[in-house]
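Since the structure comes first, as structure tokens, the remarks are kept for the end.
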Amino acid sequence: MKKQPSSIARESLKLLSERKLPPTPANYQACYNEIADIPNVAGFPEMPLRQISQALTAGNPDQVAQLVSLDSAIAKRSWQEVQAAILGFSNSARIGTPKANNATPLLPNGFMTSLASTIENGMSFLVNDDAGFSEQLSELLLALRSPSMDIEDIETRLADFSRRLSIASEDQNEIKTMLLKLLHLVLENIGVLSLDDSWLKGQIDELLVAVAPPLTLRRLDDAERRIKDVMSKQSEAKNRSIEAQQELRAMLATFIERLSLMNTSSDVFQNKIEASARKIERVKRIEEMAPLLKEVIEATRTMAEDARSAHDKLETMQEKVLAIEAELVKLHLELDHASTQARHDPLTDVLNRKGLTEAMAREIANMRRKDTPLSIALLDIDNFKKLNDHLGHEKGDQALQHLVKVARQCMRPVDSLARYGGEEFVILMPDTLLDKGIQAMTRLQRALTKEFFLAGSDNVLITFSAGVAQMTDGESGSAAIKRADQAMYLAKRAGMNRVLGA
């Protein structure tokens, strides 16, 4: 009897669990085919084709274009376009007159060497932390200075390098513009600074972190927003402090005036009492006593009313002083909170690069003092650009927040989570060996498969690739993160949704 598809599906999931296989589409398809007793035909060989694409070397601009088309066809998993790109690459090799040898065409002596020196000197003014770009530059300079150069190869390299240089130059111009805006913000803020110099120091520290290499537009933009936030709260606190000083000054003047009136009233009362006492001494008949007693009672009543009124007004003034003091304390707390936000990512509320640097220094110090292991994981969300393009940037931000929420549920209280880049996160795991760190990231992957991200009415499965590195003796935090990043890259190349150790 032929099995029903639903029955095959259930048995396939059970087989996956029994064999402890990752729940990837390929593994599920293999189990399904095995149970259904149908040939397990391999899917689209994306990785082998990409290796072939990377191994091909373009000899002219047409072949460069065909390689770009080949990469695009592989990404779309289109056999027809892959075939067309490969044929186009092969035909492009036959275009033009074959060269008898690799001799350099007639050019002025030293032309290529001068061109290489010009490019090298010009590049000294361009700050770029892209390793691929630097490698491309080195290969171009080496080709230009080679005695047996290939002019077509030089032409191809120059065209490709020119495109990369144009992109890098645009980024540098934007970075410089943003830096100038940040510096102007700080300079403009000096004129309106509060009396508390620590706030100025906090802004300077934030700027120093923002301009530390490597520079990125995202870090500069975050720094600008945080400094503006601190400036706004600081200006509010300063204005309220000035108002409070004016109110306190007015209340103090009223208080002094009230004391003066009370003193005057007291003198008048004393004079009336003394005058009444002298009159009483001269009284000879009881009938003359009644008017004098009435005067004393009236004077006493007036004095009592003045004292009560002064007491009430002083109490009101005291309440106002306490209210102003409480308001100023609240403003200062808000300002302090805004300053501490310089260590946290505003979108996900985890540590940012500055907060990570401080946490890393603390954990490395503990590791060396206690002689305990420290593992560092760097994870990157798979296909995040496609998610952003398909669902929109707002949903992309919510996806980042969803990852952080699930990660916090899986993490220990001693672990630290930081946003390292756009969709990259770093997790510090103290007292954790490498294999345990890999297991922790695998548990997080499984947790994400159980808790889907809800985008409208659709459930979206978020996966990530991660690399884990265990700190070695004498190694810096940045070096360990770099090793974890390399392992993460290999995990991406291996098919994504994987965790590899460095």
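Quick check: net charge around ALA466, other residues with Cβ under 11 Å of its Cβ, Lys/Arg +1 and Asp/Glu -1? Walk me through the numbers on the way to the answer.
Numbers: positive: LYS492, ARG498; negative: ASP380, ASP382, GLU424, ASP485.
Every neighbour counted, the sum reads -2.
Could you please report the charge total around LYS370, scoring K, R as +1 and D, E as -1 over all other residues with beta-carbon less than 14 angstrom from its beta-carbon? Provide the component values of the computation, followed by the final result.
Working: positive: ARG362, ARG368, ARG369; negative: GLU363, ASP371, ASP431, ASP473.
Spelling it out: positives minus negatives among the neighbours equals -1.
So how much slack lies between ALA361 and GLN54, counting 0.36 nm per residue of separation and subtracting their Cα-Cα distance, in nm? List each step's numbers first, then the result.
On the way: separation 307, 0.36 × 307 = 110.52 nm, distance 3.93 nm.
Fully extending the segment from ALA361 to GLN54 adds 106.6 nm.
In what sequence do THR432, THR316 fall when counting other Cβ within 10 Å, fewest first?
THR316, THR432
Set the bar at 29 Å for Cα to Cα. Now go through LYS385/LYS482; LYS14/LYS436; LYS3/LYS386; LYS76/LYS482; LYS20/LYS436; LYS354/LYS450 and name every pair that lies beyond it. It would help to have the intermediate numbers written out before the result.
On the way: LYS385/LYS482 22 Å; LYS14/LYS436 26 Å; LYS3/LYS386 37 Å; LYS76/LYS482 31 Å; LYS20/LYS436 18 Å; LYS354/LYS450 32 Å.
Exceeds cut-off: LYS3/LYS386; LYS76/LYS482; LYS354/LYS450.
Find the relative contact order for the range 347-435 and round it to a whole percent, using C-alpha pairs within less than 8 Å whose residues are 6+ positions apart.
On the way: 97 pairs, mean separation 42.7, N = 89.
48 percent.
As a footprinting exposure proxy, order HIS390, HIS402, HIS344 by other Cβ within 10 Å, with the fewest listed first. Show your work: numbers first, answer last.
Numbers: HIS390 12, HIS402 20, HIS344 17.
Listing HIS390, HIS402, HIS344 from fewest to most nearby Cβ atoms yields HIS390, HIS344, HIS402.
Sort SER117, SER478, SER465 so that the residue with the fewest other Cβ atoms within 10 Å of its own Cβ comes first and the one with the most comes last.
Details: SER117 14, SER478 9, SER465 25.
Ascending Cβ contact count within 10 Å gives the list SER478, SER117, SER465.
What spacing in nm lies between the two simple spin-label points modelled at ASN271 and TYR489, each 7 Å away from Cα in the Cβ direction?
With each label point 7 Å from Cα toward Cβ, the separation is 9.6 nm.
Around HIS344, which amide H atoms from residues at least 5 apart in sequence, or from another chain, sit under 5 Å from its own amide H, with H modelled in the peptide plane?
Placed amide hydrogens put ASN352 under 5 Å from HIS344.
The numbers here are math on the coordinates, done by the rules we state, and not lab data. Keep in mind it's a predicted model, so treat the numbers as computed, not measured. Reconstructed Cβ throughout: ideal geometry from the backbone, glycine too, with neighbour counts over all protein chains shown.
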